Amino acid sequence: MNYTEVWNRIVKKLQIERQINSYHPYDEAVVRLGLNEEEQILLCTLWGLEAAKGNGIPVEEFPAVYQALTGTELESIYDLPEWMYEVSGQIVLSPVLFGWLEGELPKLPSGAELLLPKRASAYGLDELFADAERIFESMHVSESPAALCLNGEKGSGRQYAMEQICARQDLALLLIDGDRFKGTERELHACTLCAQLYEAFLCVRLGKEVREKLLRDLYTVFHFYGIIKDESRVLEEYPEAAVYMRKLTNPDRNLKNQIAREVLGEWEDKLPAQMNLQQLTGRQLPIGQYLRYLHNIKAELRAGTIRAEKMTEPMVSSHLHQIPATRTFDELKLPSAQYGQLRQICQMAAAREDVMSQWGFGDKFSYGNGMSVLFYGAPGTGKTMAAQVMAHELGMPLYRVDLSQLISKYIGETQKNIGRIFDEADKCDCILLFDEADAIFAKRSDVSDAQDRYSNAETAYLLQRIEQYAGVSILATNLLHNFDDAFRRRISYMVHFPMPDVSLRKELWETIFPVQTPVSPEVDALMLAQAFELSGASIKNAAMHGALLAMAEGSEVRMKHILSGIRNEYGKQGKSFGSSQKELLDAFI
């Protein structure tokens, strides 16, 4: 083969293309790789061979071809520059350089990818960008190797942050997958060549496997590079270099509010009644997941298929069950003291975020800033309904914790279930309701066997997570005396739900029937309230019983129907009627 003709053909091609465009990738490659005249001749020859037939120069012919083209003798076939190498008995041009010359993205080894990021908006990363600017400046004059490591949980935007750091440094990003990239000498040469040609910053995404040799080998060819790793992944590799460690944290509520308004735009006004901006900004998600969450909501709004309950539900559906938060304070019948206390708790819960962020309490007290409320009192006195009222007032979803799914007979499983619940609740920014909470918050006992020890550990762990939880926890119990004393100390507020007195029972009887229900004028709310001591739940059950019975008879709801329901409630509770109550029953039934 006449290699001189191949070289001449490429030279003519360059001359023609330079007349059309003064810039040519070849000229830039010569400058960036620092090629001398002999190397330029060899480059053009290999380029022409690769472009024409996809081959190179046979190894046995290479010394003679080199001397014929350059007029100098090749010192060693094994001392080739990194932009060429031997494969299948031929000396060929590196695919990285060939792609550059042809105006294409380079063909990189498996596990390597070249990204060309553009400068774009980045929420909450100003401090990181400022640090990166100073770090890059210092590395221009430093002789010691170093790495910039970004860590955080999945979805925290570590790669995007690294891309934007590179964009602000006018650099491309050469991303290496630590699990797939083998790191052979040839692959390292390809990465080095790519970084030189494309002015790329190399960054390694570390997987679970420890790749100490990979990091050490990279430091032999790269003075400074990046690392991306999971928050839980310990950097066990010990390169002889400094590591600038930066953690990407979840955005605070103010930043999430800004993001939500910018992403949703005019669609914010079209959110369902059960969803509001406060609820969206309360979700504790990494910024990447939060942006995806908002874009999903916007897409659902645009399509008219939004379902509030679907956009706020947690992932741990087997442990948490949503309760509709549609009840209001107008429906809640409580003594004035308890009613006012609940109002005040809601107001403080709404103001909590501002106190934490604006008044500095979040920085001064970084632990135990959650709000926990204990509702205690007789069954049917409105504890669950009060939880619904609080959720409605605060615009937060309400989830009941399924205690049957929480408690496990297997050692350690209960703690895992507890951890899953609170981890998911953190992301949802919801109110957690532990109904019949004394079943799991029971007093810790003296240790007499292994079961007692593990049971006490479960209670202690639950108390710890309640205190750590940044949201609102509501615990409802009928048996306050069963609660652990240590928990009472950790509780924020305790609200007693007493049995309703006559005036409250009268209000309940007056408002218990929907407006559509035909109720006979003979129904006397005051008489019922004075005659029968019932809880709010029992009054509701008696009213429902009366309505069903009246509908079955094709009649309006009369006293006899309601009294039949009251008799059913007394029977369930094992209570007997007094003489005056019997007279009333006999008068109507």
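Could you check region 163-178 and list, in sequence order, the residues that are crowded, with 18+ Cβ neighbours inside 10 Å and assigned to a helix (DSSP H, G or I)?
Correct list: Glu163, Gln164, Ile165, Cys166, Ala167.
Taking into account only those residues within region 493-505 that are open to solvent by less than 50 Å² (accessible area, probe 1.4 Å) and outside any strand (DSSP E or B), which is nearest to Ile345 (Cα to Cα)?
My answer is Pro498.
Which residue out of Ser555, Ser576 is open to solvent by 90 Å² or more (accessible area, probe 1.4 Å), hydroxyl-bearing (Ser, Thr, Tyr) and without any contact (Cβ under 8 Å) to a residue 24 or more places away in the chain?
Ser576
For region 469-492, indicate whether the set of residues that are within 33 Å of the chain's Cα centre (by Cα), surrounded by fewer than 18 Cβ atoms within 10 Å (Cβ to Cβ) and aromatic (Phe, Trp, Tyr) is non-empty.
No, the conditions are met nowhere in region 469-492.
Looking at Ala122 and the list (1) at pLDDT below 95; (2) closer than 26 Å to Glu185 by Cα, which single condition is not satisfied?
Tallying (1) at pLDDT below 95; (2) closer than 26 Å to Glu185 by Cα, Ala122 fails exactly one: (2).
Can you confirm whether region 567-575 contains a residue that is out of contact with any helix residue (DSSP H, G or I) (no Cβ under 6 Å at 6 or more places or on another chain), acidic (Asp, Glu) and at pLDDT 90 or above?
No: region 567-575 contains no residue that is out of contact with any helix residue (DSSP H, G or I) (no Cβ under 6 Å at 6 or more places or on another chain), acidic (Asp, Glu) and at pLDDT 90 or above.
Among the residues of region 49-56, is there at least one that is at pLDDT 90 or above, surrounded by 14 or more Cβ atoms within 10 Å (Cβ to Cβ) and within 21 Å of Val87 (Cβ to Cβ)?
no
Spot the failing condition for Ser121; the list is (1) out of contact with any strand residue (DSSP E or B) (no Cβ under 9 Å at 6 or more places or on another chain); (2) farther than 30 Å from Val263 by Cα; (3) open to solvent by 30 Å² or more (accessible area, probe 1.4 Å), and only one is missed.
(2)
Which of the residues that make up region 563-588 are within 18 Å of Ser538 (Cβ to Cβ) and aliphatic (A, V, I, L, M)?
Leu563, Ile566, Leu584, Leu585
Would you please name the residue that is modelled with the highest pLDDT, looking only at residues in region 449-468 that are open to solvent by less than 30 Å² (accessible area, probe 1.4 Å) and of a type in the set (S, T, N, Q)?
Thr459
Kindly evaluate Lys540 against the criterion of being open to solvent by 10 Å² or more (accessible area, probe 1.4 Å), in contact (Cβ under 8 Å) with a residue 24 or more places away in the chain and closer than 24 Å to Ala386 by Cβ.
Here the answer is yes, as Lys540 does meet what is asked.
Would you point out the residue of region 1-23, among those that are touching a residue at least 24 places away in the same chain (Cβ under 8 Å) and open to solvent by 70 Å² or more (accessible area, probe 1.4 Å), that is farthest from Ala64 (Cα to Cα)?
Arg9
Listed residues Val92, Val87; which is of a type in the set (A, V, I, L, M) and either closer than 15 Å to Leu197 by Cα or surrounded by 13 or more Cβ atoms within 10 Å (Cβ to Cβ) (or both)?
That would be Val92, the only listed residue that is of a type in the set (A, V, I, L, M) and either closer than 15 Å to Leu197 by Cα or surrounded by 13 or more Cβ atoms within 10 Å (Cβ to Cβ) (or both).
Just one of (1) over 28 Å from the mean Cα position of the chain (by Cα); (2) part of a helix (DSSP H, G or I); (3) surrounded by 19 or more Cβ atoms within 10 Å (Cβ to Cβ) trips up Phe181, so point out which.
(2) is the only condition that Phe181 fails.
Inside region 429-443, can you point out the residues that are crowded, with 18+ Cβ neighbours inside 10 Å, at pLDDT below 75 and more than 18 Å from Glu413 (Cα to Cα)?
Asp429, Ala437, Asp438
Just to verify a result, which residue in region 141-162, among those that are in a helix (DSSP H, G or I) and under 19 Å from Leu218 (Cβ atoms), is least open to solvent (accessible area, probe 1.4 Å)?
Going through the qualifying residues, I end up with Met162.
Name every residue in region 184-201 that is farther than 24 Å from Ala132 by Cα, in contact with a Leu (Cβ under 9 Å, 6 or more places away or on another chain) and open to solvent by 20 Å² or more (accessible area, probe 1.4 Å), in order of residue number.
Glu187
Among (1) modelled with pLDDT under 80; (2) crowded, with 20+ Cβ neighbours inside 10 Å; (3) under 20 Å from Pro286 (Cα atoms), there is one condition Thr414 misses while meeting the rest; what is its number?
Unmet condition: (3).
In this structure, does Ala29 turn out to be surrounded by 18 or more Cβ atoms within 10 Å (Cβ to Cβ), touching a helix residue (DSSP H, G or I) at 6+ places or on another chain (Cβ under 7 Å) and farther than 30 Å from Leu285 by Cα?
Answer is yes for this residue.
Scan region 254-274 and tell me whether some residue there is modelled with pLDDT of 90 or more, touching a strand residue (DSSP E or B) at 6+ places or on another chain (Cβ under 9 Å) and either under 22 Å from Gly111 (Cβ atoms) or among the charged types (D, E, K, R) (or both).
The answer is no; no qualifying residue exists.
Do any helices (runs of 4 or more DSSP H) lying entirely in region 1-109 carry at least 3 residues that are under 55 Å from the mean Cα position of the chain (by Cα), among the hydrophobic types (A, V, I, L, M, F, W, C) and closer than 30 Å to Leu173 by Cα, and which ones are they?
25-33, 37-53, 95-101
For Val204, all conditions in the list (1) crowded, with 21+ Cβ neighbours inside 10 Å; (2) at pLDDT 90 or above; (3) part of a helix (DSSP H, G or I); (4) of a type outside the set (D, E, K, R) hold save one; what is the number of the exception?
(3)
Show the residue pairs meeting these rules: Cβ distance below 7 Å; 6+ apart or different chains; first residue within region 65-80 and within 14 Å of Cys44 (Cα to Cα); second residue part of a loop (DSSP other than H, G, I, E, B).
Tyr66/Leu74
The values are calculated or read from the model by the stated rules, or taken from the named source; none is laboratory data. Computed from a predicted structure; not experimentally measured. Cβ coordinates were reconstructed from backbone atoms using ideal geometry, including for glycine residues, and neighbour counts include every protein chain displayed. Accessible surface areas use protein heavy atoms only, side chains included; no ligands, DNA or RNA. Shrake-Rupley method; radii C 1.70, N 1.55, O 1.52, S 1.80 Å.
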